[in-house]
Structures are given as C-alpha cells and as structure tokens.
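Input: a single structure, listed below in structure tokens.
The values are calculated or read from the model by the stated rules, or taken from the named source; none is laboratory data. Just so it is clear, the model here is predicted, and its values are computed rather than measured. Note: ideal-geometry Cβ built from the backbone for every residue, glycine included; neighbour counts use all protein chains shown.
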Amino acid sequence: MLAVKPENNFSNSPDQIATLLRNKIVAGEFKRGDKLPTTRQLTKDVKVSNITITKALNSLKNEGLIRVGPRGTFVEFGTDVSERTKISNSSREIAVCLSSISIYHYARIFEGVESSNADTKKNRGLQIYNTNGQLAKQADTIMRILDKKSSGLILVPCVSETTPPYQIRILQSASIPVVFCLRGVEGIKAPLVGWDWEQVGKIVATEFLNLGHRKIAYIAGLKYSMSETYERAMNEVLKSANCPEMSVYYGHNVDNYEDGAMHDKAKEEMFNKLLSNPQRPTAIFCNDGTSESLIYLTAQKYGLKIPQDLSVICFEHTRRDCVIAKKFTTIGADHFSIGEMSLSIVDEMIEGKRSIDDDEKVLLPITLSDNKTLTKAPA
C-alpha cells in the first residue's frame with residue numbers, strides 16, 4: 001500500500017495535505033491507477049481529522065488528479081513510466097499563455113508566435129490565454145490545457161505571485177512541453193527565451209556614468225525578480241564608480257494587469273514625488289516602458305526639459321508609433337523574436353529533437369537606441 005509520511009514542519013491544514021499528496025502524484029511516486037490509502041489510514045498517517053482529509057482529497061479531485069469511487073480513491077493523473085518521455089500529438093494545438101494581452105510587449109510575443117507558425121506551414125492551431133498576471137487564472141489555464149491535451153505551451157509566468165513548480169510538472173508529466181518566455185519557474189527544467197537582465201542594468205548605469213550623471217533614479221512598476229535584478233546590477237556599477245546609491249521607486253504591486261487606471265495613478269504619484277524633490281535626479285531609468293508621455297508631462301509641470309535637465313532611458317515595452325515615445329532613448333530585446341524562437345523550440349520538443357526537460361537559456365541581444373533623451377549631466 002502507498003505510504004504518506006509528512007515532512008518536517010508539516011501543518012495539519014487541508015492545503016498542506018493536498019500539497020503533500022499532489023507533489024507525490026506529480027513526481028510519479030503515486031502513479032496513474034494507484035489506489036490511495038483509505039481516509040482512515042490517512043488520518044492515522046498524518047494525524048488529522050477525517051474532515052481535514054476529505055477537504056484535501058476534494059481539492060485534488062477538483063484538479064483532476066484523483067477520482068473517488070465505491071472501491072476507493074485512485075490516481076487519475078499521469079502516464080506509465082515507459083511513456084513519459086514521449087510527446088503526445090493527440091492535439092495539434094499549441095497554447096500561448098500571457099500575463100496580459102493588452103500590454104504591447106506581451107502582444108508582440110504572440111505576434112511572433114503567430115508569424116512563425118504561418119511560416120512553418122505545419123498548420124498547428126494556436127490558442128491564446130490571458131491570466132491578467134493572476135496565479136489562480138494561470139492554474140485554471142493549465143488545467144484547460146491538460147484537458148485539451150495541447151501539443152505544447154509557451155508561457156510567460158505570473159509575477160504577482162510565485163508560480164509553484166507543480167503547475168509545470170503536471171504538464172511535463174503529461175508529456176506537454178513547456179517553453180518559458182522572459183522568466184522561468186524555480187525548480188523546473190525547461191527552455192527559456194529572454195535576455196540577460198543583469199546586462200540591462202549594467203549598460204544603463206554605465207551610460208549614465210559616462211555622461212557625468214551622479215544623481216540617478218530607477219523606476220519600476222512591479223517589484224519582482226527582473227526589476228530587482230536591474231536595480232542590483234545598476235547599484236553594483238555605481239558602487240564600483242564610487243557613485244551614490246540611486247533612488248529607487250516601485251509604483252504598485254497589484255494582481256490585475258488590466259487595471260490601467262490604478263497603474264496610471266500609481267505612476268503619476270511616483271513621478272510627482274520624484275521630480276518635485278529639490279534633490280531630484282538628473283537621470284532616470286524607467287523599467288515601465290509605457291510611461292513616456294507621463295514622464296514628459298510631469299517634467300514640464302516642474303519646468304524641466306528633457307534631456308537638458310533630465311536624461312531618461314526607458315525599457316522597450318511600448319509602441320514606437322507615438323510622437324513622444326519615438327523621442328525616448330530605449331533599451332531592450334525584440335519581443336517579436338522571443339515569440340518566434342519560443343515556437344521553434346516547442347516544435348523541436350514535439351518532434352523529439354529536444355528533450356522535454358531541456359533547460360537551455362536562449363538570450364536575445366540587447367539594444368540601446370540612439371534617440372533624443374540621453375545627454376550629458378547638467379553643470
């Protein structure tokens with residue numbers, strides 16, 4: 001009979017018990033068709049009440065990981081060991097799961113996928129999913145992908161909450177290959193297409209220093225691994241040049257990427273606070289690349305000229321067809337190419353040319369535009 005032994009520091013909550021069982025199922029320790037211990041045995045093993053065990057099992061049942069019948073509870077998820085390295089082509093659909101479909105750089109990823117799919121002439125269907133940066137929606141999307149038996153998934157993981165590894169293991173155990181865009185998931189081996197985050201921070205800080213800037217600020221929307229890496233890399237360069245540590249502003253930490261009004265209000269407050277300060281910076285790196293117009297208008301409000309009084313570099317997140325945006329110096333990678341490369345890698349995994357747990361990192365070139373918002377520090 002299968003055994004369930006809690007780990008150290010184990011709590012007796014239904015969520016923790018569900019996580020314990022889920023991890024064993026996803027890892028293959030409990031295989032498809034295996035009969036789980038009875039509720040009575042589980043209460044004895046885990047030392048909790050029948051009600052707690054029932055709640056935990058109901059969670060797994062709702063996720064499609066187990067089935068409960070008159071003869072007991074059985075593992076429903078997984079494949080035979082001999083089949084785990086094979087990619088199922090029961091569906092020709094490839095899923096593309098984005099944190100937002102309204103933010104331009106995410107849309108460009110899908111455009112790259114779409115363009116590459118048309119060029120390959122493999123007639124794969126594409127299904128786009130929007131999580132709004134919410135982990136619960138991402139989990140729901142993954143269950144839909146499992147149910148549809150999609151051929152593969154191109155995923156931009158959520159940043160408002162950490163993606164748990166089991167969400168990806170469930171897909172890989174079902175022989176559905178996953179390719180990460182922009183960022184990966186800790187503890188998971190899968191290809192990643194993005195760029196060198198540290199290099200971005202180092203390039204920006206070096207550019208500012210070379211132009212004589214000593215009062216430097218960094219602005220980001222969400223505080224997460226990428227934005228924190230930019231901050232750390234910039235400060236390392238500044239420290240090595242004996243430059244004062246830069247001012248850092250994070251605007252918001254909300255779950256819903258689509259709430260544009262909330263984001264704009266947070267950014268407006270941030271720029272006002274920054275530029276109204278008598279000790280304001282002479283150079284800003286804005287990781288939120290949708291704020292060019294707001295920076296420009298706020299600078300005007302305080303009688304500042306860009307770039308004479310204030311040099312600005314924005315991360316390339318936005319369309320360049322706006323008159324103001326075209327004038328801003330930007331740094332970034334080509335998100336369209338990220339989409340193209342991601343589809344190419346998924347195709348290789350589906351065709352057996354690349355392992356499902358391949359962990360290659362494909363880092364695209366970083367480019368710094370030569371536009372008009374970067375100049376020498378004012379005297």
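The table that follows gives values for the structure above.
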{"quantity": "Flag for Ile350 being surrounded by 14 or more Cβ atoms within 10 Å (Cβ to Cβ), hydrophobic (A, V, I, L, M, F, W, C) and either closer than 18 Å to Ile295 by Cβ or not assigned by TED's automatic domain parsing to the domain that holds Gly187 (or both)", "calculated": "no"}
{"quantity": "Residue count, segment 168-202 (criterion: among the β-branched types (Val, Ile, Thr) and surrounded by fewer than 20 Cβ atoms within 10 Å (Cβ to Cβ))", "calculated": "0"}
{"quantity": "Check on Phe10, on the phi < 0 side of the Ramachandran plot, modelled with pLDDT of 75 or more, surrounded by 14 or more Cβ atoms within 10 Å (Cβ to Cβ) and not polar (S, T, N, Q)", "calculated": "no"}
{"quantity": "Search result, residues across segment 138-174 that are modelled with pLDDT under 90 and among the small types (Gly, Ala, Ser)", "calculated": "Ser160, Ser173, Ala174"}
{"quantity": "Helices (runs of 4 or more DSSP H) within segment 34-137 that include 2 or more residues closer than 24 Å to Gly184 by Cα and modelled with pLDDT of 85 or more", "calculated": "104-120"}
{"quantity": "Verdict on Ile219 being crowded, with 19+ Cβ neighbours inside 10 Å, among the hydrophobic types (A, V, I, L, M, F, W, C), in contact (Cβ under 8 Å) with a residue 40 or more places away in the chain and more than 16 Å from Val96 (Cα to Cα)", "calculated": "yes"}
{"quantity": "Any chance Thr229 is without any contact (Cβ under 8 Å) to a residue 60 or more places away in the chain, within 30 Å of Ala95 (Cα to Cα), surrounded by fewer than 18 Cβ atoms within 10 Å (Cβ to Cβ) and in contact with an Asp or Glu (Cβ under 7 Å, 6 or more places away or on another chain)", "calculated": "yes"}
{"quantity": "Some residue of segment 122-143 being loosely packed, with under 15 Cβ neighbours inside 10 Å, of a type in the set (Lys, Arg) and touching a strand residue (DSSP E or B) at 6+ places or on another chain (Cβ under 8 Å)", "calculated": "no"}
{"quantity": "First in segment 343-362 and farther than 10 Å from Pro177 by Cβ, second anywhere and in a helix (DSSP H, G or I) and hydrophobic (A, V, I, L, M, F, W, C), Cβ under 9 Å, 6 or more apart", "calculated": "Leu343/Val113; Glu360/Ile345; Val362/Ile338; Val362/Met341; Val362/Ile345"}
{"quantity": "Qualifying residue in segment 291-302 (condition: surrounded by 20 or more Cβ atoms within 10 Å (Cβ to Cβ), modelled with pLDDT under 90 and not in a helix (DSSP H, G or I))", "calculated": "yes"}
{"quantity": "Residue within segment 310-325 that is under 23 Å from Ala107 (Cα atoms), part of a helix (DSSP H, G or I), more than 26 Å from the chain's Cα centre (by Cα) and at pLDDT below 85 present", "calculated": "yes"}
